[in-house]
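The values are calculated or read from the model by the stated rules, or taken from the named source; none is laboratory data. What you see is a predicted model, and the numbers here were worked out from it, not measured in a lab. Virtual Cβ from ideal backbone geometry, glycine too; neighbours counted across all protein chains shown. For the accessible areas, the whole protein counts, side chains as well, though only heavy atoms, and no ligand, DNA or RNA atoms are used. Shrake-Rupley method; radii C 1.70, N 1.55, O 1.52, S 1.80 Å.
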Amino acid sequence: MRLSRLLILFILILTVLAAAACSGGEAPYVETFDSAGSWRTGSDSYTEGQVVDGVFDFYIIGDDVSRWSTPGLNFKDGVYEVEATQIEGPLDNGFGMLLRADTEKGDFYLFKVSGDGYVWIGRYVDEVEDEAIIGSHWFESPAVNTGLNQTNKLRVVAESGNLIFFVNDKEVGRVTDNNFNEGDVGLFAQSLGFGGVRVHFDNLSVTPLD
């Protein structure tokens, strides 16, 4: 009887290990901002970034200012998602998510929307906006929920150089670009013209592809 129980336990362990191997053995990264953890927070004369009440609160005080925050991790292929809600300020702005980031160089892909219904998808190189990789610049999209206190869910499916972008589960563009293959994930907010832009971010996740 004891031998049979040991055999059953051994089979169960093998089954769990096999399932983990089939799924790649990688668990999704999920951030609900219950605490700051390794996320970069702080303030200066132009911006404030802090984790409070279960969200990452990004406040862009200055005019024409861009800021981002990352947790200092590394990801490759996966499904990247985040929820962003503008709480205050002018709707002429930008907020969203960066991925495959090398924060020391300031290189990353950026996927952002504006409070007045536009989308920008492109690259930053050496901490400077390089070029849009979909469209020529900002483009208007009915997928964006406009106005204050409206949540937008941004999602990117990234597999090798193939990137597909969604706003509120509606595809807004896809591209093949091999400039950046892995890196950190992060949050981004900017004022365009006038400051006072406040955005709350929540439920960020990166789910590895099978």
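Okay, helix-only estimate at 222 nm for the chain: each DSSP H run of n ≥ 4 adds -39500 (n - 2.57), divide by all residues, round to 500 deg cm²/dmol; what do you get? Please report the intermediate quantities before stating the final value.
Values: 1 runs with 21 residues, N = 210.
The per-residue figure over the chain is -3500 deg cm²/dmol.
For the chain, what D do you get in µm² per second when you plug the Kirkwood radius from alpha-carbon pairs into Stokes-Einstein at 20 °C and 1.002 mPa s?
Calculated translational D: 119 µm²/s.
For the stretch 187-198, just list the computed ³J(HN,Hα) in residue order, Karplus coefficients 6.51, -1.76 and 1.60, θ = phi - 60°, integers in Hz, with x standing in for Gly and Pro.
10, 9, 8, 8, 9, 10, x, 10, x, x, 8, 10
At 7 Å along the Cα-to-beta-carbon direction for both residue 53 and residue 73, put a label point, then send me their distance in nm to one decimal.
Once both label points are built, they end up 2.5 nm from each other.
In nm, to one decimal, how far is the modelled label at residue 149 from the one at residue 91, with both set 7 Å along Cα→Cβ?
Using points 7 Å along Cα→Cβ, the separation is 1.5 nm.
Label points 7 Å out from Cα along the Cβ direction at residue 34 and residue 159: separation in nm?
About 3.3 nm separates the two model spin labels.
Over the chain, with the other protein chains present, what is the accessible area per residue in square angstrom, probe 1.4 angstrom?
51 Å²
When all alpha-carbon pairs of the stretch 121-210 are counted, what percent fall beyond 24 Å?
Across the stretch 121-210, Cα pairs with separations above 24 Å total 24 percent.
Heavy atoms only, probe 1.4 Å: what % of the accessible area of the chain goes to carbon and sulfur, would you let me know?
51 percent
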